[in-house]
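Undergrad: This is the structure I have questions about; it appears just below.
We did not get these values from a lab; they are worked out from the coordinates using the rules stated. What you see is a predicted model, and the numbers here were worked out from it, not measured in a lab. With ideal geometry, Cβ positions are generated from the backbone for all residues, glycine too; neighbour counts draw on all protein chains shown.
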Amino acid sequence: MDWKFRMEGSDVEVVEIPEVGLAGDVELDQLWNVLVFDDPVNLMSYVTLVLRRIFGYSEERATQLMLEVHQSGKSVVWSGARERAELYVQQLHTYQLQASMEKAG
Amino acid sequence: MQLQATGGGAWEMVEMREMEFHLLSSIGPSANVSGDERATRRLFPTGAISGEEREGDDWKELVVPDLERAFRNAIEVVNGDLAAVEQSEREGEVFFRVKVSAEHTEHWYSALNQARLVLAEKFGLPASEEEFLSESAVVDERWLAGAQSYLYAVIQTFLLESVMGV
């Protein structure tokens, strides 16, 4: 299924990546984590939908991450290069999810 | 009010009474963050990294305007659909009908979400309707904000389940 999406009026474009949580070719000390935080407004199925759209995750993987967000208050939803992490945080903000990034390790 | 998918990703709200239409017309004003610092921070985070000031400055300059544009656009789409409302009268009561195309559905979801996020920050609304009702005995401004927010959540749930195919 094609999950490419562009919100009208926004410069943000979703790019498709393989279904992995860790981008290749990045040294471990240069890894950045993208975090999504729980909030009382965003519906659980919406969070799953957004994770599928942005990261190209399967329904099962996206649901697992959504539940982790809901139960633990936050979840690392992706790790990789800083530039890509920034793009993902921007996209998550466009979908109105609470998200930020931190250096891994 | 009844919500119904009309095929091809389009949907409509029918048999709406005046109060329900009034609540829908409040989406735009309710999504307005002006004057509320917490709501502004929630909708327009100033950085990708918590506590990193320089990053925050760049983010505010480069990313926030794009968010503002996208969110404003969603509200404008919703207001346009609401302006095209159809009215009918039956037994002395006015009923409203609003049609939404498939292309506008994401904007509706976004606008409803913006309004709910701002209302939650302004009034400290809990996550669940049950929790809210159990702690709220007085019908005041906060109670009305809660009722408004939970109506919007019902529409969002309908959109996710019956229109957006989640």
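Undergrad: Could you pull out every residue, at least 5 positions away or on a different chain, whose amide H is within less than 5 Å of the one on A:Gln98? Hs are placed 1.01 Å off N in the peptide plane, and Pro or chain starts have none.
TA: Sorted by chain and number, the residues that satisfy this are A:Phe37.
Undergrad: Work out, step by step, the length gained on full extension between B:Tyr150 and B:Gln2: first 0.36 nm times the residue separation, then minus their alpha carbon distance; give nm to one decimal.
TA: Gain on extension, B:Tyr150 to B:Gln2, equals 51.8 nm.
Undergrad: A further question follows. Report, as an integer, the average count of C-beta atoms from other chains found within 10 Å of each Cβ along A:87-96.
TA: Per-residue shielding by partner chains comes out at 5.
Undergrad: Further, regarding this structure: With θ taken as phi - 60° and the coefficients 6.51, -1.76 and 1.60, list the Karplus ³J(HN,Hα) couplings across the stretch B:96-111 in order, rounded to whole Hz; mark glycine and proline as x.
TA: Couplings: 10, 9, 10, 9, 10, 7, 4, 5, 9, 4, 4, 5, 4, 4, 4, 5 Hz.
Undergrad: OK, next. When the Debye formula is applied to the Cα atoms of the protein assembly as shown, each taken as the same point scatterer, what base-10 log of I(q)/I(0) results at q = 0.08, 0.11, 0.12, 0.14 Å⁻¹?
TA: Results for the protein assembly as shown at q = 0.08, 0.11, 0.12, 0.14 Å⁻¹ read -0.34, -0.64, -0.76, -1.02.
Undergrad: Skipping prolines and chain starts, which residues have an amide H placed within reach, meaning under 5 Å, of the one on A:Ala104, given they are 5 or more residues away or on another chain?
TA: When sequence neighbours closer than 5 places are left aside, the close amide H contacts are A:Leu31, A:Trp32, A:Asn33.
Undergrad: Roughly how many nanometres apart are two label points built 7 Å out from the Cα toward the Cβ at B:Asn32 and A:Ser58?
TA: Here the answer is 4.8 nm between the modelled labels.
Undergrad: Angle between the Cα long axis of helix B:53-62 and the longest principal axis of chain B, 0 to 90 degrees, nearest 10?
TA: 50
Undergrad: Quick check for me: using +1 on Lys/Arg Cβ and -1 on Asp/Glu Cβ, what's the dipole size of the protein assembly as shown about its Cα centre, in debye to the nearest 20?
TA: On the way: 23 positive and 47 negative charges, 7 e Å.
I would put it at about 40 debye.
Undergrad: Sticking with this structure for a sec: Starting from the exponent 0.38 and prefactor 2.2 Å, build the expected Rg for the stretch B:1-104 from its residue count and divide its actual Cα Rg by it.
TA: Expressed relative to 2.2 N^0.38 Å, the Cα Rg reads 1.44.
Undergrad: Hey, with R₀ at 25 Å, roughly what FRET efficiency would B:Glu129 and B:Thr46 work out to, going by the Cβ-Cβ distance, to 0.05?
TA: 0.20
Undergrad: Moving on. Report, as an integer, the average count of C-beta atoms from other chains found within 10 Å of each Cβ along B:41-48.
TA: 4
Undergrad: Follow-up question, since we're still on this one. Sequence-distant or interchain residues sharing an amide H contact under 5 Å with A:Lys74, placed H: which?
TA: Answer set, sorted by chain and number: A:Asp38.
Undergrad: Residues in the stretch A:84-105, backbone N under 13 Å from the label point at B:Leu62 (7 Å along the Cα-to-beta-carbon vector): list them, ranges by number please.
TA: A:84-91
Undergrad: If you don't mind, there's one more thing I want to ask. Extent of the stretch B:68-166 along each principal axis, from alpha carbon coordinates, in Å, largest to smallest?
TA: Largest first, the stretch B:68-166 extends 41, 37, 26 Å along its Cα principal axes.
Undergrad: A further question follows. As a footprinting exposure proxy, order B:Glu103, B:Glu76 by other Cβ within 10 Å, with the fewest listed first.
TA: B:Glu103, B:Glu76
Undergrad: Residue-wise, which Karplus ³J(HN,Hα) couplings in Hz belong to the stretch A:71-77, taking 6.51 cos²θ - 1.76 cosθ + 1.60, θ = phi - 60°, and x for glycine or proline?
TA: Karplus values, whole Hz, x for Gly and Pro: 7, 9, x, 6, 8, 7, 9.
Undergrad: Can you list the chymotrypsin sites (Phe, Trp or Tyr not before Pro) in the stretch A:55-92 that are in a DSSP coil and have 14 or fewer other beta carbons within 10 angstrom?
TA: Nothing satisfies the criteria.
Undergrad: 222 nm [θ] for chain B, helices only, -39500 (n - 2.57) per DSSP H run of 4+, per residue, to 500? Before the final figure, lay out the partial values.
TA: Numbers: 8 runs with 94 residues, N = 166.
Counting only the DSSP helices, I get -17500 deg cm²/dmol.
Undergrad: Taking θ = phi - 60°, what integer Hz values does the Karplus form 6.51 cos²θ - 1.76 cosθ + 1.60 yield along the stretch B:74-91, in sequence order, with x for Gly and Pro?
TA: 4, 5, 5, 4, 4, 4, x, 5, 5, 5, 8, 4, 9, 10, 9, 10, 9, 6
Undergrad: Moving on to the next point. If I model a spin label at B:Val138 and A:Gln71 as a point 7 Å from the Cα along the Cα→Cβ vector, what separation in nanometres do I get?
TA: 4.0
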